Amino acid sequence: MNKDLNQFKIDEALLSFKKANYKNAINILEKLNEKNSNYIICWYLGHAYFRIYDYITATVYIRKCIKLKEPDELNLNFLAEILFQSNKYEEAIKTFKNVLNINPKNINSLLNLGKIYSHLGRFKDSENYYIKVLQIETNNFSALYELIKINKKKLTKAVI
């Protein structure tokens, strides 16, 4: 009976999540998490907190997901994106590079590393990551566009 009630509550939380009622989903999931923390509950809590821009709490739950399950590129990538959004650039860089240790062709991580390095003014590093993307996906418009923006910045600085 208790197992059925928990499943009912999980279903209720997921329905709230799908309807973008993240605060209700969080309330239900937090209560379930107190009783029995598991990967799915932590995963949805991390994503729900991210959607309401509570990046600190989101990182707590995504880190817990990574501990409950062997680190995988999906959760590491999401954690790195949260860190990037939180302006924790060095930690984001390290985490995106951990993704690349699992899958060196992870386009999302390569693009995000390019963005971070560009944001930090490290244009050579940024270019290198965008070039890696283009070696994998020759018509990746995001990488092409970012390379154009970097070259524009370089030209502007050269003229001034």
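The values are calculated or read from the model by the stated rules, or taken from the named source; none is laboratory data. All of these numbers come straight from a predicted model, not from anything done at the bench. A quick note on method: Cβ atoms are made from the backbone with ideal geometry, for glycine too, and the neighbour counts reach across all protein chains shown. Keep in mind that these areas ignore ligands, DNA and RNA; they rest on the heavy atoms of the full protein, side chains included. Shrake-Rupley method; radii C 1.70, N 1.55, O 1.52, S 1.80 Å.
Across the range 93-119, the qualifying residues are those that are open to solvent by 90 Å² or more (accessible area, probe 1.4 Å) and part of a helix (DSSP H, G or I), and the one among them that is farthest from residue 79 (Cα to Cα) is 119.
Annotation note: Cβ proximity below 9 Å between a residue of the range 48-60 that is in contact (Cβ under 8 Å) with a residue 24 or more places away in the chain and of a type in the set (S, T, N, Q) and a residue that is assigned to a loop (DSSP other than H, G, I, E, B) and open to solvent by 60 Å² or more (accessible area, probe 1.4 Å) (sequence gap 6+ or interchain) occurs for 59/88. Of all residues in the range 26-46, those that are open to solvent by 50 Å² or more (accessible area, probe 1.4 Å), of a type in the set (D, E, K, R) and free of Cβ contacts under 8 Å to residues at least 24 places away in the same chain total 2.
Among the residues of the range 36-45, are any under 29 Å from residue 141 (Cα atoms) and outside any loop (DSSP other than H, G, I, E, B)? No, the range 36-45 contains no residue that is under 29 Å from residue 141 (Cα atoms) and outside any loop (DSSP other than H, G, I, E, B). Among the residues making up the range 71-92, a single one is among the hydroxyl-bearing types (Ser, Thr, Tyr) and either touching a Leu at 6+ places or on another chain (Cβ under 8 Å) or assigned to a helix (DSSP H, G or I) (or both): 89. The set of residues in the range 1-19 being open to solvent by less than 70 Å² (accessible area, probe 1.4 Å) and either more than 21 Å from residue 59 (Cβ to Cβ) or in contact with a Ser or Thr (Cβ under 7 Å, 6 or more places away or on another chain) (or both) consists of 6, 10, 12, 14, 16.
Of all residues in the range 120-129, none satisfies being surrounded by 15 or more Cβ atoms within 10 Å (Cβ to Cβ), farther than 30 Å from residue 154 by Cα, of a type outside the set (Phe, Trp, Tyr) and free of Cβ contacts under 8 Å to residues at least 40 places away in the same chain. Just one of the listed residues (64, 23) is assigned to a helix (DSSP H, G or I), open to solvent by 90 Å² or more (accessible area, probe 1.4 Å) and either touching a helix residue (DSSP H, G or I) at 6+ places or on another chain (Cβ under 9 Å) or touching a residue at least 60 places away in the same chain (Cβ under 8 Å) (or both), and it is 23.
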